[in-house]
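Structure incoming, see below.
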Amino acid sequence: MATAPLAKGANLPVDAPAVRAELSWSEGPGVPDVDASALLLTAAGRVRDDGDFVFYNQPQHTTQAVTHLGKQQAGGRYTDSVEVLLDSLGPGIERVVLCASADGGTFGQVPGLSLRLLDAATGAELARFDMEATTETAFVGGELYLRGGRWKFRAVGQGYASGLAGLATDFGITVDDSPPSPSPAPPTPSPAAPLAAPAAPPPVPAPPTPAPSQPPSAPQAPMPPAPAPAAPVPAPQAPFAAPPPAPYPPTAPAAAPPAPGTHPAPAPAASPAASGGPRLVKGEEHLPVDMRKRLSLRKEQVAISLRKHGAADVSARVIIVLDASGSMTRLYAQGVVADVVERMAAVAAELDDDGAMQAWTFASHPARLPDLHLGDLPDWLRLHVRVGQLALFRPRKKRKGLENGQVDMRTVGIQNEEQKVIAEVRAYVREDPAPDPTLVLFFSDGGVYRNAEIERELREAVEEPIFWQFVGLGASDYGVLERFDSLGGRRVDNVGFFSVDDISGLPDPQLYDRLLSQFPGWITAARRARIL
């Protein structure tokens, strides 16, 4: 039974526990594309983060309390609907704003625009609001709001000539509807701007005293200038402003001085344990001097950690996976993620013969990144360590300003869908087998909610030559990842997990010890089970 239409500003109580807001309009020539959406707001009238915006490119809230159902066409009319489970919104949400946007025209060109509120269980109409517009390209049709412990609906009818971007910004959404220049990325790692200042250089075996004929180590002065004031990580000085007087890299003494412009290195077949130092990886000599020094110390620490766990002779393919969801924005902006990648490059340099890493990023969707080759580390960090971006408009065209190999982060989104990237990495390993096992280094700040799907993927991966090392970056709610060690029914334990509140403050020795503590044991168990 149809209800009498509400006047603008009118309200009524809503007793149904779940409702469907149905935006409808008439077909016709020149009618723009119309989309429904919803914003979840706190008592302050703002979203908590970009995940509180539900629309066509982010169709379900992480709580599953709000879902964009999509368009239908019947009887000369279009409908686009959003379903809201009022009892599942959680204590922090006090308003759900029901919005609409027009793409390719204004709402003045949309005939018969109406918003109906239906009982989701019975389909009964609870309210109807007929709207009129002129030059607006975004509209707030109505809102569900909590008053005195009871949900109510209000007919709003407020238009925005600035479009969906202007509407979303008013409620605290970070908008990226036009490409900035340059594209958002952590500051380029360079001698002038180190990515992070480690707490202290890790202990390494004392290097041999250089012979007078050897080329000098890094000069005592001048070193690369201190970071500019705009550097994201506040450090009073560059991490290696006063390097130890040791040749680079620390290796066994050479029989004769190396040719100018080259660096001494152990014989190709020598392991770190046998050579007394880390091996030189192709392209390493092209790195900025401060990055080379950090890498040298870190490779040595990786080798020490491997020896400590009885895995000095282990080789592995290394894959890195980076969470690019909206909640990671701060860690990207502060250079924390770029620093993590640089530290993981040392792991690949020790475990993988070519010192390269395959790489993925993910949020709502996964995206394969170009392989990280050690000599390209500074450019790779600049181009590919980028957070997800909320696309308010369907990305019909490739974003302008992207450099070769860069992912359009609008297509990645901002939500947490770990199971999708896990499945994609598994498929890659199956389709591109390697003689060595694969170590996946998976970094996320939490927000895990697809627990059943993630558990299914990782259980199925037990019979595959992959060890999954998850690292939590200090947020919370890691879901099933924290519980995997206690989950039975697996022939081998193929998953490791630890979290750290401030990974930039965790010294390299501790980081590599925690990172590599379970991988050698998995190799032994996987060999016994004939998985390897």
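The values are calculated or read from the model by the stated rules, or taken from the named source; none is laboratory data. Note that the structure is a prediction, hence the values are computed from the model and not measured. So basically every Cβ, Gly included, is an ideal-geometry build from the backbone, and we count neighbours across all protein chains shown.
Do any residues in the range 15-30 that are under 20 Å from residue 103 (Cα atoms) and without any contact (Cβ under 8 Å) to a residue 60 or more places away in the chain have Cβ atoms under 8 Å from those of residues that are among the polar types (S, T, N, Q) and surrounded by fewer than 21 Cβ atoms within 10 Å (Cβ to Cβ), where the two are at least six apart or on different chains, and which pairs are they?
Between residues of the range 15-30 that are under 20 Å from residue 103 (Cα atoms) and without any contact (Cβ under 8 Å) to a residue 60 or more places away in the chain and residues that are among the polar types (S, T, N, Q) and surrounded by fewer than 21 Cβ atoms within 10 Å (Cβ to Cβ), the close pairs are 27/73.
Take residue 359 and decide whether it is free of Cβ contacts under 8 Å to residues at least 40 places away in the same chain and under 21 Å from residue 515 (Cα atoms).
On the way: free of Cβ contacts under 8 Å to residues at least 40 places away in the same chain: no; under 21 Å from residue 515 (Cα atoms): yes.
Criteria not met by residue 359.
Looking only at the range 443-499, which residues are touching an Asp or Glu at 6+ places or on another chain (Cβ under 7 Å) and among the hydroxyl-bearing types (Ser, Thr, Tyr)?
Listed by number, the list holds a single entry, 444.
Related question: Of the numbered conditions (1) outside the structural domain of residue 92 (by TED's automatic domain parsing); (2) under 23 Å from residue 389 (Cβ atoms); (3) not β-branched (Val, Ile, Thr), residue 6 satisfies every one except a single condition; which is it?
(2)
Still on this structure: Take residues that are of a type in the set (Ser, Thr, Tyr) and either on the phi < 0 side of the Ramachandran plot or modelled with pLDDT of 90 or more (or both) and tell me which of the helices (runs of 4 or more DSSP H) falling wholly in the range 316-405 contain 1 or more.
Here the list reads 329-333.
Quick grid of which residues meet (1) basic (Lys, Arg); (2) over 15 Å from residue 309 (Cβ atoms); (3) touching a helix residue (DSSP H, G or I) at 6+ places or on another chain (Cβ under 9 Å); (4) not assigned by TED's automatic domain parsing to the domain that holds residue 416:
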site: 484; (1), (2), (3), (4): no, yes, yes, no
site: 491; (1), (2), (3), (4): yes, yes, yes, no
site: 501; (1), (2), (3), (4): no, yes, no, no
site: 506; (1), (2), (3), (4): no, yes, yes, no
site: 511; (1), (2), (3), (4): no, no, yes, no
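In the range 58-89, how many are small (Gly, Ala, Ser) and within 22 Å of residue 389 (Cα to Cα)?
1
May I ask you to verify whether residue 147 is over 28 Å from the mean Cα position of the chain (by Cα), touching a residue at least 24 places away in the same chain (Cβ under 8 Å) and surrounded by fewer than 20 Cβ atoms within 10 Å (Cβ to Cβ)?
Spelling it out, it is not the case that residue 147 is over 28 Å from the mean Cα position of the chain (by Cα), touching a residue at least 24 places away in the same chain (Cβ under 8 Å) and surrounded by fewer than 20 Cβ atoms within 10 Å (Cβ to Cβ).
I want to confirm something. Restricting to the range 480-511 and keeping residues that are more than 19 Å from residue 444 (Cβ to Cβ) and in contact (Cβ under 8 Å) with a residue 40 or more places away in the chain, which single residue is surrounded by the most Cβ atoms within 10 Å (Cβ to Cβ)?
508
Tally time: how many residues in the range 37-74 are charged (D, E, K, R), within 13 Å of residue 90 (Cα to Cα) and surrounded by fewer than 20 Cβ atoms within 10 Å (Cβ to Cβ)?
1
Does residue 167 meet the test of being at pLDDT 95 or above and either surrounded by 17 or more Cβ atoms within 10 Å (Cβ to Cβ) or in a strand (DSSP E or B) (or both)?
Values: at pLDDT 95 or above: no; either surrounded by 17 or more Cβ atoms within 10 Å (Cβ to Cβ) or in a strand (DSSP E or B) (or both): yes.
In short, no.
I would also like to ask the following. If you scan the range 73-92, which residues turn out to be farther than 26 Å from residue 15 by Cβ and of a type outside the set (Lys, Arg)?
If the condition is that a residue be farther than 26 Å from residue 15 by Cβ and of a type outside the set (Lys, Arg), then 73, 74, 75, 76, 78 are the ones that fit.
Something else now. Name the single residue that is nearest to residue 422 (Cα to Cα) among those in the range 304-340 being among the hydroxyl-bearing types (Ser, Thr, Tyr) and under 24 Å from the mean Cα position of the chain (by Cα).
325
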